[in-house]
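Data block below; observations after.
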Amino acid sequence: MTTRRDLLVGASALVALASTLPANAADKPAATGAATPASGDKAATDKPAAPTGPFTLAPLPFADTDLVPYISQNTLSYHYGKHHTGYVTKLNELYVGNESLGTTTEAVAKATFGDKDKKPLYNNAAQAWNHAFLWNSMKKGGGGFPTSGKFADAMKAAFTDSDGWKKAFKEAATTQFGSGWAWLIAKDGKLSVMHTANADSPQWTGEGTPLLVLDVWEHAYYLDYQNKRPDYVAAFLDHLANFDFAAKNFG
Ligand SMILES: [Fe+2]
């Protein structure tokens, strides 16, 4: 059951997300216009149709070649054009008759978290939210370690330096057994790393406020790195992690 507190927390979290995601995230039913997924290769040309709503798919916040060579256009075409698209499409199907659970992916995920009878709806709502958050967690020319500002100070307090940060996040990402996510989170002003299984997110488990995420499902990296998840995580840490996004989420 969604409590009044849940609704208040959800509302504030949504405001925070909306303020950081560029008109993004298949996060809210929209009246018109699904975005066009990335294009450019065969994988994109035989992609499933873009979801037509009520939940729609926002465009990637970068060109589908911007993350090359660390994440290929082919991987993005499948990951965004098929996996993320598929979650949103399935969410729309399962949402019929469940409209009272909420009008955002976050609200639906929060309302169905832990409900065995609503597991498929939860999985697709949660994965739609997680992937929208993921795309904003990466950028061309990212990675490294933040150097100034309140967020950088918190990173230094938690991890000491770049090596400490990379070691901690890499451990979180590589020790998640099977499918899941590695997160940088904030709780009571302090930063830490964690991992979650399958579709779970600290955004609604109460473990902390997500600042940055990396998808460690095999579909996120297998075409480029095969079974070498540590190499994929290292590429994210060295070249892709979007600390501008993390700093905005930290506030
Ligand atoms: Fe994914």
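Can you report the number of residues in the range 124-150 which are part of a helix (DSSP H, G or I) and under 17 Å from Leu240 (Cβ atoms)?
First pass over the range 124-150, keeping only residues part of a helix (DSSP H, G or I): 124-136, 150.
Those still in the list that are under 17 Å from Leu240 (Cβ atoms) too: 130-136.
Looking only at that region, the number is 7.
Return the residues of the range 46-89 that are among the β-branched types (Val, Ile, Thr), more than 16 Å from the ligand (Cβ to nearest atom) and within 23 Å of Gly141 (Cα to Cα); say none if nothing qualifies. Let's see the steps before the verdict.
Of the range 46-89, the ones among the β-branched types (Val, Ile, Thr) are 52, 56, 65, 68, 71, 75, 85, 88-89.
Keeping just the survivors that are more than 16 Å from the ligand (Cβ to nearest atom) gives 52, 56, 65, 68.
Listed by number, the residues that qualify are Thr65, Val68.
Pairs, please: C-beta under 8 Å, at least 6 apart or cross-chain, first residue among the basic types (Lys, Arg) and in the range 185-202, second not in a strand (DSSP E or B)?
Correct list of pairs: Lys187/Glu207; Lys187/Gly208; Lys190/Ala154; Lys190/Ala157; Lys190/Ala158.
Looking only at the range 124-157, count every residue that is within 16 Å of the ligand (Cβ to nearest atom) and either of a type outside the set (S, T, N, Q) or touching a Ser or Thr at 6+ places or on another chain (Cβ under 6 Å) (or both) and tell me the total.
Of all residues in the range 124-157, those within 16 Å of the ligand (Cβ to nearest atom) come to 124-138.
Filter once more, so that each one left must be either of a type outside the set (S, T, N, Q) or touching a Ser or Thr at 6+ places or on another chain (Cβ under 6 Å) (or both): 125-126, 128-135, 138.
Selection size over the range 124-157: 11.
I'd like the residue in the range 90-108 that is under 15 Å from Pro51 (Cα atoms) and more than 17 Å from the chain's Cα centre (by Cα) and, out of all such residues, is nearest to the ligand (Cβ to nearest atom).
Lys90
Looking only at the range 109-123, filter to residues that are assigned to a helix (DSSP H, G or I) and without any contact (Cβ under 8 Å) to a residue 60 or more places away in the chain; which one of those is nearest to Tyr95 (Cα to Cα)? Explain how you work it out, then say what you get.
From the range 109-123, those assigned to a helix (DSSP H, G or I) are 109-112, 116-123; that's our starting set.
Pick out the ones that are also without any contact (Cβ under 8 Å) to a residue 60 or more places away in the chain and you get 112, 116-121.
Numbers: Thr112: 12, Lys116: 16, Asp117: 13, Lys118: 10, Lys119: 12, Pro120: 10, Leu121: 7 Å.
Here the residue is Leu121.
Every number here is computed from the coordinates shown, using simple stated rules; none is lab data. Please read all numbers here as calculations on a predicted model, not as lab measurements. Note that each Cβ is placed from the backbone with ideal geometry, even for glycine, and that neighbours are counted across all protein chains shown.
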